[in-house]
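A.B. asks: Take this structure, written in structure tokens, and hold onto it; I'll ask about it next.
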Amino acid sequence: MKIMYVCINRSVENIGKVKGREDIYQCIRKYWKMSEADFEKAKEADYVAGVVDGLIYEICKPHNWDLVMNFPDMKDDDEVIKHPDSRYRYAFVAEPAPEEIRKQYRGKKIDKRFDRYTVFLFDY
């Protein structure tokens, strides 16, 4: 099983306050800046875990990775779409991971180097 970790420290602070951050899954699924090679690797993830302050806050199942500008629910997000590097920002459709996976991973400490600039690390 491959788990992709994403740092969502700043996003979690804005849940319900900023457009596009309505819930935890919106924080985990959107706006990831990465190279095309990293994007290909990210699409292999079975699950994506949102990490806050070194702990797994929530975990979800990704589907349908694509460029942010190709998602209908993000087309009117001017801040992201009009940004010059939007062609390198990716997102996916998310659903909660099965409860047994969530119970196993939520609250787990990430032992690897992981800071606010990290886009992802994999566990295999």
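A.B. asks: Given the pairs Lys61/Lys109; Lys33/Lys61; Lys2/Lys108; Lys43/Lys109; Lys2/Lys61, which span a C-alpha to C-alpha distance of over 22 angstrom in this model?
C.D. replies: From the list (Lys61/Lys109; Lys33/Lys61; Lys2/Lys108; Lys43/Lys109; Lys2/Lys61), the Cα-Cα distance tops 22 Å for Lys43/Lys109.
A.B. asks: Please compute the modelled spin-label separation between Arg10 and Tyr25, points set 7 Å along Cα→Cβ, answer in nm with one decimal.
C.D. replies: 2.5 nm
A.B. asks: Could you pull out every residue, at least 5 positions away or on a different chain, whose amide H is within less than 5 Å of the one on Lys33? Hs are placed 1.01 Å off N in the peptide plane, and Pro or chain starts have none.
C.D. replies: Tyr90
All of the numbers you see were taken from the coordinates with simple rules; none came from a lab. Only a predicted model underlies this, so the values are computations on that prediction, with no experimental measurement involved. Positions of Cβ are backbone-derived with ideal geometry, glycine not excepted, and every protein chain shown enters the neighbour counts.
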